[in-house]
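First the structure, in the form of structure tokens, and then the observations on it.
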Amino acid sequence: MVRINPSILAADFANLERDVASISNADLIHVDVMDNHFVPNLTFGLQMVGRLQEVSTRPLDVHLMIEDPDRWAPEYAETGAYSVTFHAEAARDAVALARRLRQSGARAGIALKPGTAVEPYLELLPEFDQVLVMTVEPGFGGQSFRESTMPKLALLRSAVMKSGLDIWLEVDGGIDEETISVAAEAGADTFVAGSAVFRSDDPAGRIDLLRSLAEQHSH
């Protein structure tokens, strides 16, 4: 099952409701929450995510690039977000936090920066519903895809298949019609695309194209 989750970081913030309506064929809507501490950029906060939850026709895939997710992430789950992903590098107790997110009714996700090793998390996989492999350094949209992160993804795919668990493997950063096939071949099934969708004249058509490319190359 391939999922395409457009990132509204690339949308027109003054016309968010319109832009969200233009991607009604997306699987989820990816919301990048940045606090200007964990990453050098500031985007949405809790209130904005709560409002998006009210106007969005698709479930929200919230990606927290923030310090102290142990304190804040459960509040995002309580907005009704479908999925809440926090960074391994920022969490004090990733397992306890994931369990709290699940208790709040959200899928629990853990994100790894390009330089973060995946091995320490492999035995913890049953605690998570999603692992997000960052294919750029988090903080800004429009960066180039890093193919060097693909072995990490392949290792995760192999571990997930062995476990038999329903864990989504997500990639975020520089995903477009060229790189999506590389990520799908390495084992991703959930793809965040920002500029590739919203910089197009036909965002819905672009989602269909990305989905079909990923399906051709997926496991």
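Got a sec? Which of LEU16, LEU60, LEU46, LEU28 is surrounded by fewer than 16 Cβ atoms within 10 Å (Cβ to Cβ) and either under 30 Å from ASP202 (Cα atoms) or free of Cβ contacts under 8 Å to residues at least 24 places away in the same chain (or both)?
LEU46
Considering only the stretch 85-111, state which residues are in contact with a Lys or Arg (Cβ under 8 Å, 6 or more places away or on another chain) and either acidic (Asp, Glu) or over 17 Å from VAL33 (Cβ atoms) (or both).
Answer for the stretch 85-111, where residues must be in contact with a Lys or Arg (Cβ under 8 Å, 6 or more places away or on another chain) and either acidic (Asp, Glu) or over 17 Å from VAL33 (Cβ atoms) (or both): just GLU89.
Out of all the residues in the stretch 98-110, which are under 17 Å from TYR82 (Cβ atoms) and in a helix (DSSP H, G or I)?
The answer is ALA98, ARG100, LEU101, ARG102, GLN103.
In contact (Cβ under 8 Å) with a residue 24 or more places away in the chain, of a type in the set (Asp, Glu), surrounded by fewer than 17 Cβ atoms within 10 Å (Cβ to Cβ) and over 18 Å from ASP32 (Cα atoms): does that describe GLU177?
yes
How many residues does the stretch 1-48 contain that are within 25 Å of ASP68 (Cα to Cα) and among the β-branched types (Val, Ile, Thr)?
Adding up the residues that qualify gives 6.
Just name the residue that is surrounded by the most Cβ atoms within 10 Å (Cβ to Cβ) out of those in the stretch 111-123 that are in contact with a helix residue (DSSP H, G or I) (Cβ under 6 Å, 6 or more places away or on another chain) and outside any helix (DSSP H, G or I).
The extreme case among them is VAL118.
I'd like the full set of residues that are part of a loop (DSSP other than H, G, I, E, B) and not charged (D, E, K, R), limited to the stretch 1-12.
Passing the criteria: MET1, VAL2, ALA11.
Residues in the stretch 125-135: is at least one modelled with pLDDT of 95 or more, surrounded by fewer than 21 Cβ atoms within 10 Å (Cβ to Cβ), β-branched (Val, Ile, Thr) and within 13 Å of the chain's Cα centre (by Cα)?
The answer is no; no qualifying residue exists.
Taking PHE140 as meeting all but one of (1) touching a residue at least 60 places away in the same chain (Cβ under 8 Å); (2) buried (at least 21 other Cβ atoms within 10 Å of the Cβ), write down the number of the exception.
(2)
Looking at ALA81, is it part of a loop (DSSP other than H, G, I, E, B), among the aliphatic types (A, V, I, L, M) and surrounded by 19 or more Cβ atoms within 10 Å (Cβ to Cβ)?
In short, yes.
Just to be sure before I move on: is ASP189 charged (D, E, K, R) and either modelled with pLDDT under 95 or closer than 21 Å to SER22 by Cα (or both) in the structure I sent?
The answer is no for ASP189.
Among the numbered conditions (1) buried (at least 17 other Cβ atoms within 10 Å of the Cβ); (2) of a type outside the set (A, V, I, L, M); (3) more than 17 Å from the chain's Cα centre (by Cα), tell me where GLU75 comes up short.
(1)
One line per residue, one yes/no per condition, for (1) part of a helix (DSSP H, G or I); (2) not aliphatic (A, V, I, L, M):
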position: ALA14; (1), (2): yes, no
position: VAL20; (1), (2): yes, no
position: ALA26; (1), (2): no, no
position: HIS30; (1), (2): no, yes
position: VAL33; (1), (2): no, no
position: PHE38; (1), (2): no, yes
position: MET48; (1), (2): yes, no
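What is the residue count in the stretch 79-116 for residues that are more than 18 Å from the chain's Cα centre (by Cα) and not hydroxyl-bearing (Ser, Thr, Tyr)?
Number of matching residues: 7.
The values are calculated or read from the model by the stated rules, or taken from the named source; none is laboratory data. Keep in mind it's a predicted model, so treat the numbers as computed, not measured. Counting neighbours? That spans all protein chains shown, and the Cβs are built from the backbone with ideal geometry, glycine included.
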